[in-house]
Amino acid sequence: MTSNIFSILNTAKAGLLSQQLGIEVVGHNIANVQTEGFTRQEVNFSTARPRQTGLGLLGTGVRVDSITRDFDKFLFNQILGEGSSTGNFGVRSGLFKTIEILFNTTTGRNLSGDLDDLFLAFDDLAINPSGLAERTTVVANAETLTSNFNLLGKNLFQERINADLSVNDTVSEINLLLDEIASLNSSIHSIETGLSPANDLRDKRDLA
């Protein structure tokens with residue numbers, strides 16, 4: 001009889017502790033509702049191992065199997081893929097816009113116009129080969145075109161330097177993130193090897 005009472009009390013105690021843990025996890029979710037990168041957690045319950053009695057197996061209540069994140073890995077991988085593509089297109093778009101501005105193909109003066117002026121000057125010179133004004137115009141337009149080519153070359157070279165610096169900065173940021181992820185992975189492995197969940201650390205790793 002005493003054994004039965006203890007068994008009942010233990011079952012009730014296990015149930016209360018399990019529900020208390022569930023309430024604590026709910027509180028943790030509520031407290032972090034505005035936390036960037038936080039993933040809602042849930043407690044996974046299962047029926048405790050039954051006890052053999054003279055009348056057969058007798059249930060012994062509930063137990064907590066695990067605390068997991070409400071996490072859609074497929075969706076997360078899709079978001080990562082889209083983010084990578086968007087970032088790639090953004091970088092290319094920025095470079096193309098800069099080059100377009102340098103070539104000035106959409107507004108104001110451009111190399112095409114300088115070439116047209118030079119060809120027109122040569123046409124005029126062909127009509128009047130001995131004309132001083134025509135010769136002067138050809139020389140002036142050729143100098144203008146050469147100057148603009150040189151300026152464009154310098155600007156493109158500077159943009160290449162800027163792009164290289166940007167890549168170096170990005171590589172440095174990536175290396176820092178990789179170091180952070182490696183540290184988080186080590187902590188996650190250490191914690192979960194002891195059969196404890198490392199859900200918050202996994203959130204930090206995903207956010208990185």
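Miscellaneous remarks
Yes/no per residue for (1) in a loop (DSSP other than H, G, I, E, B); (2) surrounded by fewer than 13 Cβ atoms within 10 Å (Cβ to Cβ); (3) touching a residue at least 12 places away in the same chain (Cβ under 8 Å); (4) in contact with a helix residue (DSSP H, G or I) (Cβ under 7 Å, 6 or more places away or on another chain):
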| position | (1), (2), (3), (4) |
| --- | --- |
| Phe119 | no, yes, no, no |
| Ala126 | no, yes, no, no |
| Ser130 | yes, yes, no, no |
| Leu145 | no, no, yes, yes |
| Phe157 | no, yes, no, no |
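- The combined condition, being within 37 Å of the chain's Cα centre (by Cα) and loosely packed, with under 11 Cβ neighbours inside 10 Å, is not fulfilled by Asp203.
- Qualifying residue in the range 178-189 (condition: closer than 21 Å to Thr39 by Cα, surrounded by 12 or more Cβ atoms within 10 Å (Cβ to Cβ), touching a residue at least 60 places away in the same chain (Cβ under 8 Å) and under 17 Å from the mean Cα position of the chain (by Cα)): no
- Residues located in the range 1-55, provided they are loosely packed, with under 14 Cβ neighbours inside 10 Å, under 51 Å from the mean Cα position of the chain (by Cα) and of a type in the set (Gly, Ala, Ser): Ala12, Gly27, Ala31, Gly37, Ser46
- Residue match in the range 191-204 (condition: over 30 Å from Phe71 (Cα atoms), touching a Phe, Trp or Tyr at 6+ places or on another chain (Cβ under 8 Å) and part of a helix (DSSP H, G or I)): no
- Subset of the range 163-177 [in contact (Cβ under 8 Å) with a residue 24 or more places away in the chain and more than 25 Å from Ile99 (Cβ to Cβ)]: Leu177
Any read-out appearing in this document is the output of simple, stated calculations on the displayed coordinates, not a laboratory observation. Small disclaimer: the values here were computed from a predicted structure and weren't measured. Here Cβ is always computed from backbone atoms with ideal geometry, including for glycine, and neighbour counts include all displayed protein chains.
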